[in-house]
Each structure stands twice: as C-alpha cells, then as structure tokens.
Amino acid sequence: MSDAAASVLEVRDYSLAYRTGDGPVQALSRVDFSIARGRTLGLVGESGSGKSSIAWAILRYLPANAVEGGGRILLSGEDLRAKTRQQVADIRGRRIGIVFQDPSTSLNPTLMLGRQIAEVLIRHRGLTEKQAFAEGEALLARTGIARPAEMMRRYPHQASGGEKQRVVIATAFACNPECIVFDEPTTALDIVTARQIQDLFVRLQEDTGVAALYISHDLALVSRIAHDVAVIHRGAIVESGPAARIFGAPREGYTRMLIAAVPHPDRRLVDSHPPDGAQRLLGLEALTVRYGERSLLSRMLGRAQEQVVGARDIGFSVRKGEILGIVGESGSGKSTIARAIAGLNDFSGRLTLGDRSFSGRGALDRAYRRAAQIVFQNPDASLNPRQRVREILSRPLKLYGIARGRAEIDRRVGELLSQVLLPPEFARRYPHQLSGGEKQRVAIARAFAAEPRLVLCDEITSSLDVSVQASIARLLVDLQARTGATCLFITHDLNLVRQLAHTIAVMYRGDLVDLFPVGAADAPDRHPYTRTLLDAVPVAVGSAA
Amino acid sequence: MNAGYLARRLAAVVLVLLVVSMAVFAITMILPGNAAVMILGEYATEDQLKALAAELGLERPWHVQYLEWLGRLATGDWGMSMRMSQPVTLLIGDAFWRSAALAGAALVTVTVVAVPLGVLAGMRRGRGADLGIGLFAYMGTAIPEFVTATLLLVFLAAPGRQFFPAGGFVPPGEDAARFLYHIVLPALTLSLILTAHIVRQVRSEMSEVLASDYIRAAHLKGLSEATVIRRHALRNAMAPAVAVISLDVGYLLGGIIVVEEVFAWPGLGRLMIHALQNRDLPVIQAVTLVLAGVYALSNLVSDIVIAALDPRVRYA
Amino acid sequence: MRELARHPTGLVGATLLAIVLVAVLFGPLIAPYDPQQFHPAERLRGPSAEHWLGTDQFGRDILSRILHGARATIMFGLGATFAGVAAGTLIGVAAGVAGRWIDSAIMRLLDGLLAVPDLLFTLLIVTVLGGGTGHAMLAVAVAFTPGMARIARAAVLSVRTREFVQAAQARGESPVYVIGAEVLPNTMGPVIVEATIRVSFAIMLGATLGFLGLGAQPPSTEWGLMIAEARQFMFRNPWCVAAPGVAIAVAALGFNLFGDALRDILDPRGRQR
C-alpha cells in the first residue's frame, strides 16, 4: 500500500443542497479532496462558500433540510454515508474529532471541564470515571495547561479563551482519532494565544500522526500550518494543491484575487511618510478614560474610584493628512481612545484639535463633532434599519448645514454614493437590502459627508470577508488622500496596519506602550510587547499580485 | 454564593415590601381622599365620617400616618378586622394555612407534571407529541381560572354525576379523607392553568438549549442521545425553568383568589374578597402585604435554587 | 405579511382574531334575537334550530348575547391594554433614556409594584374606585403599566447601545432627535408584541372582574358577567357557562397566538433555523 493510497479521509465528488422556503439552495458541488496520515489540508473560503457544510457532512450531522447528492465520504476506506446511526455515534469522538471556533459556546457552562473530557474517555475507551479523570489530567498537561489537576475541577467561565480551547483540543485528541476537523479554531482568540494554539496543534499532529482538515477564512493562518490547500468558492473547489504552490503560483483567478486581498506589509497602499511640513492636527495629553458609573452610595461616601480604567494617560499627536494606526488586542483600550476622541466616552486630560483644546466630553461642541467623525466596526449595527440610505446620508448634511433644500441634498447624496463606488439608486434602499461591504461603504460616506478633518475608523474591516476588506481599505485610503483628512485607523490586524498607516501606536491593557513610524517596525528598539505581536502575526506566503 | 449575595437579596426583598406597603397605603388611605368615606360608603352621614376619621387619626399628615402604620405592622399589631371584630392576625393565620395547602397541592402537581411535559415537547419539537402538548399549553393560557373552575364543576360535580364536592372545606384534623376530597377540584383548576404556562416556557427553553453549540459538541463526541439530554441539556434548561415557576407563583396567588371564591375555600383569597366587598381596610392591607411577601420570598428561594444549578451565578 | 402565511400558529391566531373582529363589528347586526328579550317558554334549553347555542335562565338567546357581548369584552381588553401600554411605554422609555440614578430609582419602584399579582392589584384599585366597566379598565391599565414599562425600558436599553444611535450622538444630534428618530422607531417591535399578548390577559382579567361583579354590570352582556349570572343554573344547562367560556378562550387565544407569531416574525433571532 503506497502512502498516497493510505488516505485517512476522502471526499469524492460530493454534492449537497438545502431545502429552503425559497427553493433548494446548492451548498456543495462535486467537492473532491483527500487527506493522508499526518497531513493537514487547509480548506479556505469566505462566508457562504460552504466550507462549514463539509464539516457537517463528514461528521454526519446535517440539518433536517439537507439533501445529499452524489459522492462518497470515506474514513480509512469505509463509506461513512452507509453507516447506521449507532455506528456513526461510535465513530464520532473516537475516530473523528472536531474542534469548533468558539470554546465559550461549545463547552457546557454547567459542567466541570474535567467531566467534559472524561465523558469521551468513558464512552469510547471504556475507562472508569477515576481512570478517565486521571487520563484527562494527563491530556491537559500535554496541551500545555499549567495546572491540569486544578483545571479539571473548573467551570468554563473560570478559564480563559486559550485555556478553554486547549481543553477542547485535548478532548478531540483524547481517543487518538484518525482524523480531526478544525472549524476556524483560532478566530475567537487573540493573536498571541492563536499562535500558541496553532503551535500546539502542529506539535500534537507530529506526535500522533493525525490527519487534519483545517477550515478557515484566514489564508495567512492556513499558510503557516497546512501542507495542502484547497480553495472553495460557492460550494465548489476552485483550486487545490500543495500549500507552497497555491500561495506561490496560484493558477485560478479567484485564488489570485483572494491572495492579493490578504494584507501584506510589503504591499503599501500609501507613501511611507505623511505630507511634509504638515502641522499637528490632533493632540492627546494625559488622556484617561474610566468606565462604570459610580454608584450613588460611593459618591456620597466619597470613596475612591471603583471604576475600570479603559485607557490610561495616553499622549500622542497626529499631523494633518497622516494616518495613525492603533493596534492591540481586545481589551487594550484602542477602541476606548477612538470613542473618547469621537465624544462618546468621557475622559480626563487634554484633547486638542487644530487650535482648540478640550478637557472633557462636555466641552466638545458641534463644530468639533463635525470635524471628528467615526466609522464603526459592525456594518449591521451602524445604520438605522428603519431609514433609507438617502436619509442616513442626508442627516449630517442637514445637521451641519452643508446642504439645504431637497434638490441640493439629493445631489450631494448622489455625489457621496459615487465617491464610495455605489450606484445612485442605492439611495432608495434600506440597510437590510445591502451587503456587509455595501453597508460599510455607506457608513464611510456618512462620515465623509460632514467634510471632517479627522476620521476615526474603529475596526472597520474586521467584520468583513477578506476580499471585501481589501476594497474597503483601498476606498478609505483614496478618500483620505482626496480630502486630506487625517485618519486614526484602529485594528487588531498588524499586517493591514503596516500596509496603510504612516505611524503605528501599540496599546496593551490600557497603556500606550509603543509609537513608531511604520518603517521602523523591525527596529531593535521596539517594545517587547510589539515584538511579541509582530512575531505572532502570520505573514501571508505569496508574492505581490 | 456567599453571605453578601444573600444579604443583598434579602435587602431587596425588604425594599420591595416597603414599596408595596407604600402602594397599598396610598391606594387604600390616600387616594379616596378620605379613608373614612371608603369604609363607610357614600351614604354615611357627616357625623359618622367625622367620628371615624377622628378614631383613625386621619387628619394627621399622611407621612406620619404611614410611619405609624408601618411601625404597628412591624411590631405585630395588625389591627382588628372592622367587620368580624377579630384580630387580623388571627384571621390571617387560619386562612394562610388553608391557602398554603391549596397552593402547595397545585405546585406539587404542576412541577411533577408540567416540567417533564415541557421537556418532552422541547425534545420532540415540531412532531406529534409536541404539537399535542403545545396545543394544550396554548389553550390553557387562554382560559381564565373562573372558566376552568366552572367547567370542572359542570363536568365533575354536577348533581347526579358528582365525583367531587362542588365546594367547601373540611379541616384535615377532622377528616383527612374528606379534606383531600374537597381539595381536588380547586387544586386541579389551579394546576391546569399553571401547567399550561410552565409547559410553554419549559418547552421553549428546552428547544433553545437543544439548539445550542455545546449540545452539538456533545453529540459530536459520540455520546448517546439519552446521555446528551440527561447530562447536558437538562441541567441548562432547569435553571430558567425554575425562574419561570417562581414567576408563576405570582400568577398562582392571583388565581387563588378566584378559585377560593368559586369553590368556597376559606383561605386568604376568600378572606380578601369578603374584605373588599365589606371595605374592611385592615384586612385588605394585611392580606395584600402577605401575598406580596410570599411572592417576594418565593423569588428569593428560586434565586437560591438557580444559583445552586448554575455555576456561573454561584462563582460570579 | 408573507411571513405570516408561513407561520402555522400565527395563521390560526389571525383566523381566530378575524372571527372575533366580525363579532365585534357586526355582532349586534347579525344576532338573531334581542339579547335582553325573555323567552319564558324556552328557558334553559340546549342548542336547537331556533337557538343555536341554547337559552339561559330567562330564556334569552345565548348566541345573541354572546354576539352583543363581544364588543364589551374585547373593547375592554383593547382599551385597558392601550392605556397601560401608553403609560408604561412612556415611563419605560423615560427610564431607559434618562439612565443612571433615575433609571435605578424607577426600576426599584417597578420591581415593588410588580410584586403584587395582576389580579390583586386590579381588585385593590377597583375596590377603592368602585366597580363598573370604566373603573375596571382603569384598574387593569394601571396594573399593566409596570410590566409594560419594564419591556419598553429593556427595548430602549438594547437599542441605545447600538452603533447607529452612538453615531448620532457622536454627530452631536440633539437628544430629541436621537430618541425620536433613532431610538423609538426601533423599540416599537418588542412593545407591540408584548401589547398584543397583553390584550389576551386584559380580556381575561376583564372577564374575571365581570364574574366577581366588580367589572361590567348588568344589563351588559360581557362574557364574564354572563357566566356569573348563569352560575346557579350551570348544572341544568351547561351551555349557559360553556358558551361564553369558549368565547373568552377563543378571543384570548387569538391575541396570544397572533402576538407570538408577531414576535417570531419581527425578531429573526427567535426563529428556528
């Protein structure tokens, strides 16, 4: 038996459709791939590509309205479609494992973590409870948990995201399965933890020789750990092959487009330096933001601040026309700063815009608010679902007196739409009739409608598909160049920020730990946390398109 | 869950009762402008009103009256019933246990029947058993207690086909069997409606739990259906179910009033109706506070039970 | 509307409501007899060709009484709920918008009021004010206010933190605009759903009050009152109490199911995927 023939998991010519109220929807069309022992196949696709459906099909956990078409699914040569329910239950957990995206929801909140590992061992390996707990502890140790005995007795809400995902991985590996399916396993984790989890997986795979199907939308992540890659688009495999070839010399147009859309630090979208001689536009001094209301009681008693500090003593300045990128993990305070500058959070300290200075949220007046506009992360929530695009865009025009009268407003709205590359008919639409990317364009148009001097972008690409992200980033850069506005670009994506910022600020747990021009990212005098971040970020394999 | 949590919850109960007492006081003493008018009715003479007003001390500023009234309540002096010339505490004491027996019978029946039915319906969502149970549950929530009571009487207590007595009460000390005989219909009435409510809630909780990610993960570990339901689903559905049951205690307390009236069961509800008809102020106030207190305490108990079931609450 | 067609319980609810609506609008017109007319020769008969639902203790035609009584019963439910929803929404929105200690204070007050069961609250108020339909409606409205306030407040709070509201605040829009144009239009959904379901409770409460003699008074043909009047004779002709009982159930069920369907339609998260 040659190595190539010893495929652990094979999907051959498989098709799947769903019955919906609007008729049958094709989810998968003649999908075909195989994974050998000890190999990882990265399955890459955007939302709606059908990549998750493959996981369900393999695990035989399809919803009631699924209609399977032709094709076979083989585990070590056995046809899974021919198995009975009991046989499938025997296979799950023992011969095929699965690791989901969000460990917070895939662990039972009311059971101890130890029990959730032990039950797999009891079910499939016939261990007694005592043996299972002991074995579970050993498994946790293998996944790098510091105090496994303690962790066994904890509940999910008492463990961090990274720890929970290690538990889930330990459970998946517990019965030495032949194959494991990973469905976006690190998407819900911060970069540093994600890197650790990935390294853990690679190590475990080397030890056990398990075959892995790694499903993700993130090409950069996949490039780091997959031996082979398959690109899926609208239910069909567009291209597949060894990872090096796919990323180095992609053949299909869709693959090329996808790779090009991935942010790469070397592919700059703007010049490396802001316009010369530009004056300072925005200045922050000792800016501190605190959360939480002090209860009436503590106010009366004059107790010291019991509040949570979102951002502490922040100071930096930004020149006119400059793009400052602010990066950090969730909880670092980067969004807090943006919202304080936008006038949504109260702050202490000093905020200067142009030649005007403010010492608190109450001091910000309408002129300031017009000059500083914000675009939010979630396109679904940033537009009023009950207003048409025309109303949404005309609001700032009316409020700031930029345009008056129906005719002028309509004309301006049309101009704004064309600036963000949307057809003028969209003015009549409601937000639910737009795609995520289109909604985000409207949100950007709304911000620029006010003719602002400063635009705050709070993770504006994070909720979008990869291909859409690139176009939004490009749009922003174009508008910024055209209007000369200054931009604060908040994101957790280091590669993206290295593409489009002039200067980068790094936040960690509420403190500003580093501030440097983008060219100096690899300089030796960087803060250690910056180094950690940069090391953890995967860089896409692939030449510039 | 520590002593601090308990202390805070108890404080909340006290606060709630204070608010209720203020509301009761306001409604019965202040709103009619003059409580004397309310007690004696519109046809009382000027002199009678003046006399009663003086006796009750109604000319004093109302916050003084309130605090004095509150003080008396707190020290156990709940006044005398105006119609029955007995201490209110005595009247309430007897009535309380009779109502408690009825409520208890209903709650036990409901918990034993409704929760499993709800769980079953949630598991079999969309199929035969669920539709049948769901239908029953919906109809149950649309029928007022007095209709259910009346219909039960028609079917089970009509002369000639009298399976159960049409009302009345026999103290358990006197004749335990006949006591039970009399409690069946009123308890059944209450149970039917409560069961319908609870089945509906438990069903929706259960089906929501079954749609969650950790249930999916449990299935994909190869665990049997029975294990998944027993170990994973039920625990998570029970906490919200308890919350619902405690909310329904409030409904139960309202329903008791009507049911006791229809079946002539001499509990707090019947006492209340008589007091309302006779404008017996001290009794009205006292019964309201007792019922509100029972409700608030039952919420507290359910909070404790939920904390016992859900570790997130316990260790928060 | 298309969505309603796909929702089986919603369709049932809508059908029941349609029947009720016909009775309310056209009841008195299509009733075969005068509801107060005695037919002494035909007292306490069961259903027959002349009297489809039978007759009561005075020989009055039950069907006609029910058709006439539809107005009293349903209008009570709608009126009381509308008043309670209006008052409650006002308070709830005010609390949700004001925030901080005003909000906390209002919530504590509401918690206290909610500790009194609906029926009890209603009885207290009716006793103080006196009986009769008007007072009973007011009592139910007042009893509903705290619950509705809570729902409205929760809806406001959930909308207030959404980004499009914050975008408006960041722009410097006046509070009036923010509440009126951004917050309120998006909170009406849960409020309407709850209101619809509450109509069914109001109908039942009104019938209960009528039954206890504290709500509608004779000669009204309110359904609860009908049952009270016929109580003594229910063993001789169960139809006297069964017919109005079923009518109450149909009306309450209709609103209940329809409200549930509305909730499923308006809130996509609640739908079964």
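The values are calculated or read from the model by the stated rules, or taken from the named source; none is laboratory data. Quantities reported herein were computed from a predicted structural model and do not represent experimental measurements. Neighbour counts run over all protein chains shown; Cβ positions are idealised from the backbone, glycine included.
A few points about this structure:
- Condition check for B:Tyr214: of a type in the set (Ser, Thr, Tyr), more than 14 Å from chain A (Cβ to nearest Cβ) and without any contact (Cβ under 8 Å) to a residue 40 or more places away in the chain: no
- Unmet requirement for B:Arg235, which otherwise passes all of (1) at pLDDT below 85; (2) more than 14 Å from chain C (Cβ to nearest Cβ); (3) touching a Leu at 6+ places or on another chain (Cβ under 8 Å); (4) buried (at least 20 other Cβ atoms within 10 Å of the Cβ): (4)
- Among the residues here, C:Ala154 does not qualify as part of a helix (DSSP H, G or I) and surrounded by 20 or more Cβ atoms within 10 Å (Cβ to Cβ).
- The set of residues in region C:89-102 that are more than 7 Å from every other protein chain (Cβ to nearest Cβ) and surrounded by fewer than 18 Cβ atoms within 10 Å (Cβ to Cβ) comprises C:Leu90, C:Ala94, C:Ala98, C:Gly99, C:Ile102.
- Tally of residues being within 12 Å of chain B (Cβ to nearest Cβ) and modelled with pLDDT of 80 or more across region C:262-271: 1
- Residue within region C:119-126 that is closer than 20 Å to C:Ile203 by Cα, in contact with a Gly (Cβ under 6 Å, 6 or more places away or on another chain) and surrounded by 18 or more Cβ atoms within 10 Å (Cβ to Cβ) present: yes
Quick grid of which residues meet (1) away from chain C (no Cβ under 13 Å); (2) at pLDDT 90 or above:
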residue: A:Ile323; (1), (2): yes, yes
residue: A:Gly333; (1), (2): yes, no
residue: A:Ala338; (1), (2): no, yes
residue: A:Asn345; (1), (2): no, no
residue: A:Ala363; (1), (2): no, no
residue: A:Ala372; (1), (2): no, yes
residue: A:Ala381; (1), (2): no, no
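- Odd one out for A:Gly349 among (1) on the phi < 0 side of the Ramachandran plot; (2) surrounded by fewer than 22 Cβ atoms within 10 Å (Cβ to Cβ); (3) more than 8 Å from every other protein chain (Cβ to nearest Cβ): (1)
- With a requirement of 3 or more residues that are under 27 Å from C:Thr89 (Cβ atoms) and small (Gly, Ala, Ser), the helices (runs of 4 or more DSSP H) lying completely within region C:164-273 that satisfy it span C:184-212, C:239-266.
- In region A:454-465, the residues that are within 12 Å of chain C (Cβ to nearest Cβ) and polar (S, T, N, Q): A:Ser463
- Residues (assigned to a helix (DSSP H, G or I) and farther than 11 Å from C:Pro146 by Cα) located in region C:93-107: C:Val93, C:Ala94, C:Ala95, C:Gly96, C:Val97, C:Ala98, C:Arg100, C:Trp101, C:Ile102, C:Asp103, C:Ser104, C:Ala105
- Selected residue [in contact with an Asp or Glu (Cβ under 9 Å, 6 or more places away or on another chain), of a type in the set (Val, Ile, Thr) and assigned to a helix (DSSP H, G or I)] from A:Val506, A:Val468, A:Val497: A:Val468
- Exactly one residue among C:Asp34, C:Asp61, C:Asp103 is within 30 Å of C:Val178 (Cα to Cα) and either acidic (Asp, Glu) or touching a strand residue (DSSP E or B) at 6+ places or on another chain (Cβ under 7 Å) (or both), and that residue is C:Asp103.
- Within region C:117-127, the set of residues being in contact (Cβ under 8 Å) with a residue 12 or more places away in the chain and within 19 Å of B:Leu15 (Cβ to Cβ) comprises C:Phe121 only.
- In region C:127-144, the residues that are surrounded by fewer than 22 Cβ atoms within 10 Å (Cβ to Cβ) and β-branched (Val, Ile, Thr): C:Val128, C:Thr133, C:Val142
- Exactly one residue out of B:Leu271, B:Leu300 is touching a residue at least 40 places away in the same chain (Cβ under 8 Å), in contact with a Lys or Arg (Cβ under 8 Å, 6 or more places away or on another chain) and either assigned to a helix (DSSP H, G or I) or in the same structural domain as B:Ala243 (by TED's automatic domain parsing) (or both): that is B:Leu300.
- Just so you know, in region B:263-316 the residues that are at the interface with chain C (Cβ under 10 Å from one of its Cβ atoms) and in contact with an Asp or Glu (Cβ under 7 Å, 6 or more places away or on another chain) include one that is farthest from B:Gly167 (Cα to Cα), and it is B:Ile273.
- Boolean, C:Gly130 is free of Cβ contacts under 8 Å to residues at least 12 places away in the same chain, of a type outside the set (A, V, I, L, M), farther than 14 Å from B:Gly250 by Cβ and within 14 Å of chain B (Cβ to nearest Cβ): yes
- Here region A:469-502 is the region considered, the condition is being more than 19 Å from A:Ser418 (Cβ to Cβ) and of a type in the set (Val, Ile, Thr), and the residue that is surrounded by the fewest Cβ atoms within 10 Å (Cβ to Cβ) is A:Thr491.
- Candidates A:Ser462, A:Ser382, filtered to the one that is closer than 22 Å to A:Glu322 by Cα, assigned to a loop (DSSP other than H, G, I, E, B) and in contact with an Asp or Glu (Cβ under 8 Å, 6 or more places away or on another chain): A:Ser462
- Scanning region C:177-200 for residues that are over 13 Å from C:Val93 (Cβ atoms) and more than 9 Å from chain A (Cβ to nearest Cβ) yields C:Gly189, C:Ile192, C:Val193, C:Glu194, C:Ala195, C:Thr196, C:Ile197, C:Arg198, C:Val199, C:Ser200.
- Top-ranked residue in region B:121-144 [being within 29 Å of C:Gly210 (Cβ to Cβ) and free of Cβ contacts under 8 Å to residues at least 24 places away in the same chain; ranked as nearest to the other protein chains (Cβ to nearest Cβ)]: B:Ala142
- Yes/no for C:Gly88 being in contact with a Pro (Cβ under 8 Å, 6 or more places away or on another chain) and within 25 Å of C:Ala181 (Cα to Cα): yes
- Boolean, B:Val147 is more than 14 Å from chain A (Cβ to nearest Cβ), out of contact with any Lys or Arg (no Cβ under 8 Å at 6 or more places or on another chain), within 25 Å of C:Val250 (Cβ to Cβ) and without any contact (Cβ under 8 Å) to a residue 60 or more places away in the chain: yes
Table: residues versus (1) within 11 Å of chain B (Cβ to nearest Cβ); (2) touching a strand residue (DSSP E or B) at 6+ places or on another chain (Cβ under 8 Å).
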residue	(1), (2)
A:Gly45	no, yes
A:Ala55	yes, yes
A:Leu59	yes, yes
A:Ile91	yes, yes
A:Arg95	yes, yes
A:Ser104	yes, no
A:Ile117	yes, no
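- The listed residue being farther than 14 Å from A:Arg388 by Cα and either touching a residue at least 24 places away in the same chain (Cβ under 8 Å) or away from chain C (no Cβ under 14 Å) (or both), out of A:Glu438, A:Glu451: A:Glu451
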